[in-house]
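To keep things clear, I will list the structure first and then write my remarks on it.
The values are calculated or read from the model by the stated rules, or taken from the named source; none is laboratory data. Every value quoted in this text rests on a predicted model; they were computed, and no experiment measured them. Cβ sites come from the backbone with ideal geometry, for glycine too, and all protein chains shown count toward neighbours.
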Amino acid sequence: MRFNNILVPIGGHKADEEAIELACKIAKGGKSKIYVLYIIQVKRALPLDAELEPEIRKAEEVLSHAEDIAEEQDYEIDTDILQAREIGPAIGDEVAERNIDLLLIGMNYKRHFGEFKLGDTVTYVLKNAPCRVFVLRQPLANQEEK
């Protein structure tokens, strides 16, 4: 399988690191383009283009770390920050805009009332993404390391 454009949405979690590493390994075989995206969710009470300095600083730090991970894998990535009301639809828009053929999402193991839960974003993406989606879930043993 060959992928031309890979999108890795991240949020600053342990799962993101492994997702970026995996994307680099997949991309090397086909010289794919990797886009790493950090989405800042903007509350409805604020304008969509509000200046959210603390969130932007965090996003820049997370993306800088993503670039370091890719550099360790000897691969170059494109990074971007996006502000949106909802993360799932924003990922969908980026998939369409960038002609993505693989969406790779890392996620922590989540429990809600004792039951495993994918979360709203992963559920939305799995239902709506027009491309292949890889979900890289962290093992149960890593949950204390968050």
> Taking the stated definitions as given, is ALA59 aliphatic (A, V, I, L, M), out of contact with any Pro (no Cβ under 6 Å at 6 or more places or on another chain) and assigned to a helix (DSSP H, G or I)?
Replying inline: yes
>> Take the residues in region 1-17 that are of a type in the set (D, E, K, R) and in a helix (DSSP H, G or I); name whichever of them is nearest to ILE81 (Cα to Cα).
In response: ASP16
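How many of the residues making up region 18-47 are assigned to a helix (DSSP H, G or I) and over 17 Å from the mean Cα position of the chain (by Cα)? Can you show your working first?
So the first thing to find is which residues in region 18-47 are assigned to a helix (DSSP H, G or I), and the list is 18-30.
Applying the additional criterion that residues be over 17 Å from the mean Cα position of the chain (by Cα) yields 28-30.
The total comes to 3.
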> Restricting region 1-25 to residues that are of a type in the set (A, V, I, L, M, F, W, C) and surrounded by fewer than 18 Cβ atoms within 10 Å (Cβ to Cβ), which is farthest from VAL122 (Cα to Cα)?
Replying inline: MET1
> Within region 74-120, restricting attention to residues that are in a helix (DSSP H, G or I), in contact with a helix residue (DSSP H, G or I) (Cβ under 8 Å, 6 or more places away or on another chain) and touching a residue at least 60 places away in the same chain (Cβ under 8 Å), which residue is farthest from ILE26 (Cα to Cα)?
Replying inline: ILE87
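Can LYS58 be described as more than 14 Å from the chain's Cα centre (by Cα) and closer than 14 Å to ILE10 by Cα?
Working: more than 14 Å from the chain's Cα centre (by Cα): yes; closer than 14 Å to ILE10 by Cα: yes.
So LYS58 fits the description; yes.
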> Looking at region 26-36, which of its residues are surrounded by fewer than 22 Cβ atoms within 10 Å (Cβ to Cβ) and touching a residue at least 24 places away in the same chain (Cβ under 8 Å)?
Replying inline: ILE26, LYS28, GLY29, GLY30, SER32, LYS33, TYR35
> Going through region 47-68 one residue at a time, which ones are among the basic types (Lys, Arg) and surrounded by 13 or more Cβ atoms within 10 Å (Cβ to Cβ)?
Replying inline: LYS58
>> Checking LYS110 against (1) under 26 Å from ASP49 (Cα atoms); (2) modelled with pLDDT under 95: exactly one of these is not met. Which one?
In response: (1)
